[in-house]
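Visitor: Sharing a structure, written as structure tokens. Questions coming.
The values are calculated or read from the model by the stated rules, or taken from the named source; none is laboratory data. Not measured: the values here are computed from a predicted model. For neighbour counting, all protein chains shown are included, and Cβ atoms are generated from backbone atoms with ideal geometry for every residue, glycine included. All accessible areas refer to the heavy atoms of the entire protein, side chains included, with ligands and DNA or RNA removed. Shrake-Rupley method; radii C 1.70, N 1.55, O 1.52, S 1.80 Å.
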Amino acid sequence: MIAPSVLPGEWRVRPARADDLPSVLELAKLTGGGFTNLPQDEGALARRLAWSDASFARADAAPANELYLLLLEEVATGRIGGTGMVFSRVGAEWPFYSYKISTLTQTSKELDRTLRVEFLSLTSDFDGASEVGGLFLHPDLRTGGLGRLLARARYLFIAQHRARFGDRVIAELRGVMDADGNSPFWDALGAKFFGLSFPEADRFNAVHGNQFIADLMPRHPVYTNLLSEDARAAIGQPHATGRAALAMLLAEGFGFDNYVDIFDGGPTVNARIDDLKSIRGARETEVAALADGVEGPPQLVATGHLHNFQAFLSPLADAGRTLPAAVAAPLGLTPGTRIRHVDC
């Protein structure tokens, strides 16, 4: 349930534009590192905004290698309060790598002992899936339900443009890090092969991509009992600031199938797109009227196509056919507008 402190129509989610770069850069500076989708690099962010703009403008609907960058915007002021991203197809340019946690059981009759050994295997099992990521909210806005609005708007964007996405969707969560931005998982594993600290590897990945992983990462399984205790404890655990995001993903229908990020060991969750709560439960209708005094629980509402997409909260009446005039007017909605809405 989205908290009632988010007023109807006060905030909306919309596509990013090139002139949003200063606002997005300011948000990126607040992430604290390890947030690959929102690098603290102006040039890299400018390229992501250009990539997103080209993706929204692309006529061909088949998923290839698109990034759709969405922003949380205060309607009255234009203030940018957060980011959310949808990738149409991972693994299109180079393989999308994950570690899969597996267990090997071995028995010795002579010693009368059975050992269960956990190991990590490098996989590209999610190549071809879509991805939701880049969810970041300004620290001052992390109460009142705006994070849920931003997160779930991504699913309604997928529903509005279903042919542009695959059958499955994944989400990677940032893993455990210390106060200085170091990852115990990386220090115990990746650093041994790359000669880079986690912040250095993270910056390189954010700007240049992860092809260097394909070039240098060992292909053989890694036995976790050879890693440090801190590294083992971090495997599959989200960063402290990502626990709420993980809870939202699980509530939406994602599941954890023992896949983790190759950099920091954070969890990767996945689901069938058409099974997601926000997509499965959404209904389409056409606005017939605008009225004063429309009351009731808020609905998550989406309208528009590609560059004109927007999502917001509003009560609805008459099975979604009547919108509050005070919400509709600032957003440019009129009778005849097609909307998709779902319970909060």
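Visitor: Give the percent of DSSP beta bridges with both residues in the chain that are antiparallel, rounded to the nearest 5.
Guide: So the antiparallel bridges in the chain amount to around 90 percent.
Visitor: Would you work out if the stretch 55-116 is rounded, prolate or oblate? Take a ≥ b ≥ c from the square roots of the eigenvalues of the alpha-carbon gyration tensor; rounded if a/c is under 1.5, else prolate when a/b is larger than b/c, oblate otherwise.
Guide: oblate
Visitor: Tell me, what is the Rg over Rh of the stretch 16-82, with Rh the Kirkwood radius over Cα pairs?
Guide: Rg divided by Rh gives 0.99.
Visitor: Taking Cα atoms, how many degrees apart are the long axis of helix 198-208 and the longest axis of the chain, rounded to 10 and kept between 0 and 90?
Guide: Value to nearest ten degrees: 50.
Visitor: What net charge is computed for the residues neighbouring Ser278, neighbours being all others with C-beta under 9 Å from the C-beta of Ser278, Lys and Arg scored +1, Asp and Glu -1?
Guide: +3
Visitor: Residue by residue, what Karplus-based ³J(HN,Hα) values in Hz, rounded to whole numbers, does the stretch 133-146 have, using 6.51, -1.76 and 1.60 with θ = phi - 60° and x for Gly and Pro?
Guide: x, x, 7, 9, 10, 3, x, 6, 10, 8, 10, x, x, 5
Visitor: Using alpha carbons only, how many degrees (0 to 90, rounded to 10) separate the axis of helix 243-252 from the longest principal axis of the chain?
Guide: Helix 243-252 sits roughly 70 degrees off the main axis of the chain.
Visitor: Lys and Arg at +1, Asp and Glu at -1: add these up for the other residues within a Cβ distance under 13 Å of Leu146 and post the number.
Guide: For residues surrounding Leu146, the net value is +1.
Visitor: Moving on to the next point. Each residue of the stretch 180-192 in order: what ³J(HN,Hα) in whole Hz does its phi give by Karplus 6.51 cos²θ - 1.76 cosθ + 1.60, θ = phi - 60°, with x for Gly and Pro?
Guide: 8, x, 8, 9, x, 5, 4, 4, 7, 10, x, 4, 5
Visitor: As a test of reading the structure, rank Trp186, Trp51 by solvent-accessible area (1.4 Å probe, protein chains only), most first.
Guide: Solvent-accessible surface, decreasing: Trp51, Trp186.
Visitor: Between Lys100 and Glu286, 0.36 nm times their residue separation minus their Cα-Cα distance comes to what?
Guide: Extra length available between Lys100 and Glu286 comes to 62.4 nm.
Visitor: Roughly how many whole Å is it from the C-alpha centroid of the stretch 80-112 to that of the stretch 260-302?
Guide: When both Cα centres are located, 26 Å separates them.
Visitor: Kirkwood Rh over alpha-carbon pairs of the stretch 186-268, then Stokes-Einstein at 20 °C and 1.002 mPa s: what D in µm² s⁻¹, rounded to an integer?
Guide: Translational diffusion coefficient: 152 µm²/s.
Visitor: Quote the accessible area belonging to Ile262 in square angstrom, nearest 10, computed with a 1.4 Å probe and with ligands, DNA and RNA left uncounted.
Guide: 0
Visitor: Could you please report the charge total around Arg174, scoring K, R as +1 and D, E as -1 over all other residues with beta-carbon less than 12 angstrom from its beta-carbon?
Guide: Charge balance near Arg174 sits at -3.
Visitor: Report relative contact order for the chain in percent, whole number only (criteria: Cα-Cα under 8 Å, sequence separation at least 6).
Guide: It comes to 20 percent, rounded to a whole number.
Visitor: Still on this structure: Note the full-extension length gain between Ser108 and Phe212 as 0.36 nm times their separation in residues minus their Cα-Cα distance, in nm to one decimal.
Guide: 33.4 nm
Visitor: If you consider only alpha-carbon coordinates, what radius of gyration and Dmax does the stretch 102-240 have, in Å?
Guide: 19.2, 62
Visitor: If ligands, DNA and RNA are left out, what is the accessible area of His220 with a 1.4 Å probe, given in Å² to the nearest 10?
Guide: Result for His220: roughly 140 Å² accessible.
Visitor: Moving to a separate point now. Quote to one decimal, in nm, the extra length available between Asn258 and Ser124 on full extension: 0.36 nm per residue of separation minus the C-alpha distance between them.
Guide: Full-extension gain reported as 46.9 nm.
Visitor: Give the Kirkwood hydrodynamic radius (Å, one decimal) of the stretch 136-218, defined as one over the mean of 1/r across all pairs of different Cα atoms.
Guide: Hydrodynamic radius (Kirkwood, Cα only) of the stretch 136-218 equals 16.0 Å.
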